[in-house]
Amino acid sequence: MAMLTETERHRSTAAEVEVKIEETVDTNESSDGYISPYGKTFTKNMWYFAAPSKALKRGEKVAKIMLNQPVMVGRDNEGKVFAMRDICPHQAVPLSAGHFDGKEVECPFHGWKFDTSGVCTVIPSLCADQKINLCGIKSRTYPCREVLDCIWVYFGDKPIAEEDLPEVPHAPGLEGCTYAKTTTTLLLPTHIDYAVAALIDTAHVPFVHNSWWWRSQKVLKEKAKTYVPEGTGWTMVKHKPSQGSILFKLIGNYIETEISFRLPGCRREYLSYHNQTKMAGITTLTPVDDTHTELNHTTYWTWAPPLTQMFSPIVDYFVTTFLMQDQTLALMQEQIINKYNPRLIMTIKDAGTPGHWYFMLKKEWNDAYDQGRAFVNPIKEKVLRWRT
């Protein structure tokens with residue numbers, strides 16, 4: 001994950017901090033007339049990561065808050081996942097607080113039951129001669145899919161046919177592969193916009209993740225990477241990984257890496273050997289509400305899965321340590337933003353350009369949907385240069 005270390009935290013001009021600002025993004029006005037694009041909207045009509053598959057056994061459910069909405073995600077007795085609004089339409093009690101038998105969930109208040117399609121099936125208080133159309137009583141449901149051991153929920157403004165749903169932003173290429181897997185979950189105290197800008201930032205790594213086992217800030221090297229537009233985001237063309245960390249110093253001459261980003265907040269990274277994927281990582285960001293975002297990082301190992309699974313606790317430790325460094329910075333950043341609402345220098349060429357692209361993509365996606373037209377990726381192929 002990446003943090004906004006290129007962003008100035010106080011109300012200074014570009015001249016005062018001696019940087020040349022060639023691109024900025026201005027969309028939301030603050031108290032002094034300054035405009036910030038952050039923290040006002042979510043990307044609509046998209047799939048969002050809900051939970052790792054291992055979190056739900058058959059006949060289980062979990063309560064979530066996603067995009068400011070209470071959602072119950074569950075798995076029925078047949079193993080199929082589902083998602084519904086976690087509010088009983090009778091008297092607004094969370095359905096997730098009731099019993100789920102793998103077929104129906106029972107509201108804990110009056111015992112009303114709902115099947116996994118959200119339709120009411122039982123109202124215990126009704127007498128034999130009291131008739132009511134139960135099919136007309138529903139709790140909203142959401143499209144829900146399970147891909148590569150991850151559960152996704154689609155949030156849209158209106159009902160949509162299955163064939164019209166966009167692609168789930170998973171880690172393609174692993175279908176049918178045998179792999180070991182670890183998943184790390186953290187809560188970030190920030191709006192998803194700040195979390196995405198951090199996730200795709202490239203300049204923070206030697207500072208936020210300065211450690212003996214990863215990177216050092218003592219030596220910064222100039223880099224140049226080619227970015228191409230793809231899908232709802234971009235891909236950094238396959239290249240030799242940086243050898244700033246111990247791991248990549250050991251194996252960097254033998255592998256290539258490819259990094260990509262897709263809306264609404266999904267970063268994917270592949271490590272390959274002779275064009276065969278040996279490791280893939282997917283980091284997803286799901287808004288909880290306007291000031292909290294859930295981060296999930298899933299690592300897939302296709303190289304010797306039984307062996308790598310043995311080392312998964314070690315992998316999980318280092319991944320969690322790495323991500324908690326970002327979490328600490330996010331907390332400090334959010335405290336300053338909430339208290340002082342500072343004017344920020346948002347885009348520094350070229351290191352900050354992906355952040356600018358994110359807001360372009362988000363706006364185009366939402367505009368295209370509102371206008372009833374096809375999404376057109378606004379990014380152009382470009383070589384970006386920075387030191388890190």
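No value in this document is a laboratory result; all are computed from the given coordinates. Keep in mind the model is a prediction, meaning the values are calculated, not measured. Please note: Cβ atoms are built from the backbone with ideal geometry, for glycine as well, and neighbour counts cover all protein chains shown.
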Among Ala161, Cys144, Ala55, whose Cα lies farthest out toward the positive end of the dipole of the stretch 46-164, if unit charges sit on the beta carbon of Lys, Arg (+1) and Asp, Glu (-1)? Ala55
From the backbone phi of the stretch 285-298, what are the Karplus-calculated ³J(HN,Hα) couplings (6.51 cos²θ - 1.76 cosθ + 1.60, θ = phi - 60°) in whole Hz, Gly and Pro given as x? 10, 10, x, 8, 8, 6, 10, 9, 9, 8, 9, 10, 10, 10
Expressed in nanometres to one decimal, the distance between label points 7 Å along Cα→Cβ at His90 and Lys223 is 5.6
Interchain or sequence-distant (5+) residues whose placed amide H lies within less than 5 Å of the amide H of Val122 are Lys113
Using +1 on the beta carbon of Lys and Arg, -1 on that of Asp and Glu, and nothing else charged, what's the dipole of the stretch 315-388 about the Cα centre, debye to 20? 380
For the stretch 46-164, calculate the relative contact order in percent as a whole number, restricting contacts to Cα pairs under 8 Å that are 6 or more residues apart. 26
Could you go through the stretch 364-370 in sequence order and give the Karplus-derived ³J(HN,Hα) for each residue, using 6.51 cos²θ - 1.76 cosθ + 1.60 with θ = phi - 60°, rounded to whole Hz, and x for Gly and Pro? 5, 4, 5, 5, 4, 5, 4
Where a ≥ b ≥ c are root eigenvalues of the Cα gyration tensor, a/c under 1.5 meaning rounded, otherwise prolate if a/b exceeds b/c and oblate otherwise, the stretch 46-164 counts as prolate
How many nm separate the modelled label positions at Glu175 and Asp290, each set 7 Å beyond the Cα in the direction of the Cβ? 4.0
Under 5 Å, built H, 5+ apart or other chain: amide partners of Tyr48: Val153, Tyr154, Phe155
